[in-house]
Amino acid sequence: MRKDGGMDTYIWQTPEGHRAIILYFIIINLIGVAVMALDKFKAEKGYWRIPENTLFFITLLGGGIGTLFGMYKFRHKTKKLKFIIGFPTILILELIRYNLFNF
């Protein structure tokens, strides 16, 4: 907290381009959690489901933390090997890519 009573917002004290990247990752991961919750809801109700390729696509777009969190939070797709291995693998590769290119 600053002396003037305001809160420091360190996340926004980055170069302009980094702010956009941070905001993008926040949004895509929130979408990832929401999509996993929605698909679980649809599965329980017997409604039309979200295709598995869509879930992987969101993960590939940078939503790995959100989809992985949603998978375990809602206990959805936790028995399918391609999700148990696929989501964490994509997330790890994204983190490696992030560290190599140091965005």
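The values are calculated or read from the model by the stated rules, or taken from the named source; none is laboratory data. What you see is a predicted model, and the numbers here were worked out from it, not measured in a lab. Cβ: placed from backbone, ideal geometry, glycine included. Neighbour counts: every protein chain shown.
Identify all residues within the stretch 30-51 that are without any contact (Cβ under 8 Å) to a residue 24 or more places away in the chain and under 20 Å from residue 82 (Cβ atoms); write none if there are none. Spell out how you get there, then give the answer.
Of all residues in the stretch 30-51, those without any contact (Cβ under 8 Å) to a residue 24 or more places away in the chain come to 38, 41-42, 44-51.
Of everything in the stretch 30-51, those that are without any contact (Cβ under 8 Å) to a residue 24 or more places away in the chain and under 20 Å from residue 82 (Cβ atoms) turn out to be 38, 42, 49, 50, 51.
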Every pair of residues 6+ apart whose Cβ atoms lie under 6 Å, when the first sits in the stretch 79-103 and is at negative phi while the second is among the charged types (D, E, K, R): 83/77
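Conditions tested, residue by residue: (1) modelled with pLDDT under 95; (2) touching a strand residue (DSSP E or B) at 6+ places or on another chain (Cβ under 8 Å); (3) not aliphatic (A, V, I, L, M).
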| residue | (1), (2), (3) |
| --- | --- |
| 54 | no, no, yes |
| 59 | no, no, yes |
| 69 | no, no, yes |
| 80 | yes, no, yes |
| 93 | yes, no, no |
| 96 | yes, no, no |
| 102 | yes, no, yes |
Qualifying residue in the stretch 16-24 (condition: at pLDDT below 95, under 15 Å from the mean Cα position of the chain (by Cα) and of a type in the set (Phe, Trp, Tyr)): yes
Subset of the stretch 22-80 [surrounded by fewer than 14 Cβ atoms within 10 Å (Cβ to Cβ) and of a type in the set (Gly, Ala, Ser)]: 46
